[in-house]
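Here is the structure we will look at, set down as structure tokens.
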Amino acid sequence: MSVLAELHARGKVRDIYEAGENLLMVASDRISAFDVVLPTAIPDKGRVLTGLSLFWFARTEDIVPNHVLTAAVDEFPGSFVEHGEELAGRAMMVKRAQVVPIECVARGYLSGSGWKEYQRSGAVCGVALPSGLVESDRLAEPIFTPSTKATEGHDENITLERAAEMVGEGLAQKLKELTLSLYEFGADLARARGIILADTKFEFGFADGELILVDEVLTPDSSRFWPADRYEPGRAQPSFDKQYVRDWLDEAGWDHEPPPPELPPTVVGQTAVRYREAYERLTGESFDDYLRRSGVL
């Protein structure tokens with residue numbers, strides 16, 4: 001991204017720019033796996049993340065307010081309007097927020113790091129689970145499994161008690177409540193579209209003393225989405241998210257430490273298709289329609 005403005009922060013995928021009293025959040029086409037940014041971009045991935053986040057932000061305002069001010073390029077400050085073509089469909093003007101330093105994860109199914117932890121201990125983030133569960137099993141009820149927000153290296157799963165030590169008991173309980181409410185809302189809508197929301201993570205912050213939802217919401221980067229008609233417990237599931245990339249990296253023998261390998265064109269193409277399909281199935285809208293509405297096409 002070549003926007004000529006002061007960079008406020010750079011994440012694995014998003015670049016955040018100073019915009020007066022607000023911030024401009026730009027979703028790049030970078031992709032990360034195992035907390036490492038890969039050297040190969042996924043075309044239009046940032047626009048999928050932004051479009052889906054806007055879809056969910058608009059539908060979850062009754063659960064918790066959020067940081068979105070506008071995604072209309074012509075409403076951005078003048079210095080950004082000049083880069084409208086580059087920013088269209090992938091940028092949001094957002095409120096500044098003091099971000100809570102934990103990632104809030106909800107799991108309705110046993111997969112990923114949760115499955116690995118369960119195999120070791122029979123629990124996930126201190127939440128004891130029944131014995132005999134298999135990979136991808138649906139849990140009796142969704143669980144809250146927070147993690148640290150690592151600026152470098154890997155995030156670490158933590159217990160609710162550890163989260164309370166970090167942010168306070170009252171806030172930790174509120175985050176649990178909101179996380180599970182958002183998960184259940186997203187899972188219900190996804191289920192109606194033939195998609196299982198296996199797990200997802202949210203981030204929260206404070207703006208003007210109010211707890212709000214920030215960053216991204218229920219995207220293929222922050223969630224595991226599975227096609228419901230192909231769900232079969234006891235194995236890893238086909239997915240609409242970046243699990244496809246994680247699986248390829250594991251099969252390629254990468255040890256999850258930098259430097260990561262380049263993705264081959266076939267993996268890039270298949271991943272782009274999966275991201276686009278996630279957008280279309282969840283929103284019920286053609287991704288090209290989103291691009292047209294955003295001024296990209």
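The values are calculated or read from the model by the stated rules, or taken from the named source; none is laboratory data. Predicted, not measured: the structure shown is a model, and the values here were computed from it. Cβ: placed from backbone, ideal geometry, glycine included. Neighbour counts: every protein chain shown. Just the protein is used for accessible areas: all its heavy atoms, side chains included, with ligands, DNA and RNA removed. Shrake-Rupley method; radii C 1.70, N 1.55, O 1.52, S 1.80 Å.
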Study note, to complete from the structure: Heavy-atom accessible area of VAL99, protein chains in place, probe 1.4 angstrom, given in Å² to nearest 10, is 70
Exercise for review: Determine, from the Cβ-Cβ distance of GLU161 and THR266 and an R0 of 45 Å, the FRET efficiency 1/(1 + (r/R0)^6), rounded to the nearest 0.05.
Suggested key: 0.50
Check your understanding: Which length gain, in nm to one decimal place, applies between ARG292 and GLU86 when the Cα-Cα distance is subtracted from 0.36 nm times their residue separation?
Key -> 72.8 nm
Point to revise | Charged-residue dipole, Cβ positions (Lys, Arg, Asp, Glu), the stretch 103-176 about Cα centre, Debye nearest 20 | key: 160
Check your understanding: Per residue of the chain, what 222 nm ellipticity follows from adding -39500 (n - 2.57) for every DSSP H run with n ≥ 4, rounded to the nearest 500?
Key -> -10000 deg cm²/dmol
Practice item. Provide THR266, THR271 ordered by accessible surface of protein heavy atoms (probe 1.4 Å), highest first. Key: THR266, THR271
**Study point:** Dipole axis of the chain (+1 Lys, Arg; -1 Asp, Glu on Cβ), positive-most option in ALA41, PRO227, GLY108
**Key:** PRO227
**Study point:** Rough spin-label spacing in nm, given labels placed 7 Å along Cα→Cβ, for ARG230 and GLU285
**Key:** 2.6
Review point. What whole-number value in Å² describes the accessible area per residue of the stretch 85-218 for a 1.4 Å probe?
Key: 44
Check your understanding: With labels modelled as points extended 7 Å from the Cα through the Cβ direction, what inter-label distance (nm, one decimal) is found for ALA140 paired with SER121?
Key -> 2.0
Check your understanding: For the chain, what is the charge dipole size about the Cα centre, in debye to the nearest 20, if Lys and Arg each add +1 at the Cβ and Asp and Glu each add -1 at the Cβ?
Key -> 560
Exercise for review: Considering the options SER136, GLY253, LEU24, tell which one lies farthest towards the positive end of the dipole of the chain, charges being +1 on Lys and Arg and -1 on Asp and Glu at the Cβ, about the Cα centre.
Suggested key: SER136
Study note, to complete from the structure: Along the stretch 269-279, Karplus-curve 3J(HN,Hα) (6.51, -1.76, 1.60; θ = phi - 60°) to the nearest Hz, with x for Gly and Pro, reads x, 5, 5, 4, 5, 5, 5, 5, 5, 4, 4
**Study point:** Taking the chain and dividing mean pair separation by its residue count, relative contact order in percent (alpha carbons under 8 Å, at least six apart)
**Key:** 21
Review point. Between rounded, prolate and oblate, where does the stretch 147-257 land on the alpha carbon gyration tensor, with a ≥ b ≥ c its root eigenvalues, rounded for a/c under 1.5, else prolate if a/b exceeds b/c?
Key: oblate
Exercise for review: Order the peptides 110-116, 281-287 from the highest to the lowest mean number of other Cβ atoms within 10 Å of their residues.
Suggested key: 110-116, 281-287
Check your understanding: What does the charge dipole of the stretch 62-122 about its Cα centre add up to, to the nearest 20 debye, if the Cβ of each Lys and Arg holds +1 and the Cβ of each Asp and Glu holds -1?
Key -> 540
Review point. For the stretch 1-110, what is the Kirkwood hydrodynamic radius in Å, using each pair of distinct C-alpha atoms?
Key: 15.1
Review point. Taking the chain, how many lysine pairs are there with alpha carbons less than 19 Å apart, if each pair must be eight or more places apart or span two chains?
Key: 14
Revision key, fill the gap. Among GLN119, THR148, THR70, the residue whose Cα sits farthest towards the positive end of the charge dipole of the stretch 36-173, when +1 is placed on the Cβ of each Lys and Arg and -1 on the Cβ of each Asp and Glu, is GLN119
Study note, to complete from the structure: For the pair ALA207 and LYS12, the simple spin-label estimate (label points 7 Å beyond Cα toward Cβ) gives in nm 2.4
Point to revise | Whole-Hz couplings from phi, Karplus 6.51/-1.76/1.60, listed for the stretch 163-169; x for Gly and Pro | key: 4, 5, 5, 7, 10, x, 4
Study note, to complete from the structure: Stokes-Einstein D for the chain (20 °C, 1.002 mPa s, Kirkwood Rh from Cα pairs), in µm²/s, comes to 109
